[in-house]
Amino acid sequence: QVQLVESGGGLVQAGGSLRLSCAASGRTYAMGWFRQAPGKQREFVAGISASGGARYYADLVKGRFTISRDNAKDTVYLQMNSLKPEDTAVYYCAADAFQRVPGPSAAEYDYWGQGTQVTVSS
C-alpha cells in the first residue's frame, strides 16, 4: 500500500503561481494530478510516466502547468503558473501501481492523496 501526501496548495491571486508536491511512501509508476471543483466531476490535469520522460496535459492547463518527478525522492510536482480563477479546486495526486504510462481516467489509478485546496482570486 502506497500513501500519497500532497502539499503546496493555498490562496493566490489570478496570474500568480503555486507549486504542488506529492510525496509517495513507496515506489510508484505512472502518476497524475487531478482536480475537482465544487459541483463538478474530478478531471485530469496532468500525468507523467514512470521514468519522467513522457508528460501529458489537459488542454485547459497546457502551457501553464508543468508536471515533473524526482524518483530519488519518490515525489511528483505540479508547477502552476498564470493561474486563473477557474483553476480553483481541490487538487489530488494519484499513482498507478502497475502502468508506466499515465492515462486520463481516474479509474486507472490505484492510490490517491487526500487532496490540497487551491484557490485563485480574481
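The values are calculated or read from the model by the stated rules, or taken from the named source; none is laboratory data. Since the model is a prediction, treat every value here as computed from it, not as a measurement. Methodologically, a virtual Cβ is constructed for each residue, glycine included, from the backbone with ideal geometry; neighbour enumeration extends over all protein chains shown. Note: accessible area is taken over every heavy atom of the protein model, side chains too, but ligands, DNA and RNA are not part of it. Shrake-Rupley method; radii C 1.70, N 1.55, O 1.52, S 1.80 Å.
Kindly evaluate Ala24 against the criterion of being in contact with a Phe, Trp or Tyr (Cβ under 7 Å, 6 or more places away or on another chain), surrounded by 14 or more Cβ atoms within 10 Å (Cβ to Cβ) and either in contact (Cβ under 8 Å) with a residue 12 or more places away in the chain or not basic (Lys, Arg) (or both). Taking the combined requirement at face value, the residue does not satisfy it.
Here Thr119 fits the description: modelled with pLDDT of 95 or more, open to solvent by 20 Å² or more (accessible area, probe 1.4 Å) and over 14 Å from the mean Cα position of the chain (by Cα). Can you tell me which residue in the range 1-39 is farthest from the chain's Cα centre (by Cα), limited to those that are among the basic types (Lys, Arg) and either in a strand (DSSP E or B) or within 15 Å of Val118 (Cα to Cα) (or both)? That would be Arg19.
Taking the range 50-60, which residues are in a loop (DSSP other than H, G, I, E, B) and either crowded, with 22+ Cβ neighbours inside 10 Å or in contact with a Phe, Trp or Tyr (Cβ under 8 Å, 6 or more places away or on another chain) (or both)?
To start, the set of residues in the range 50-60 that are in a loop (DSSP other than H, G, I, E, B) comprises 50-54, 58-60.
Ala50, Ala58, listed by residue number.
Scanning the range 100-114 for residues that are more than 15 Å from Ala24 (Cβ to Cβ) and either aliphatic (A, V, I, L, M) or in contact with a helix residue (DSSP H, G or I) (Cβ under 9 Å, 6 or more places away or on another chain) (or both) gives Val101, Ala106, Ala107.
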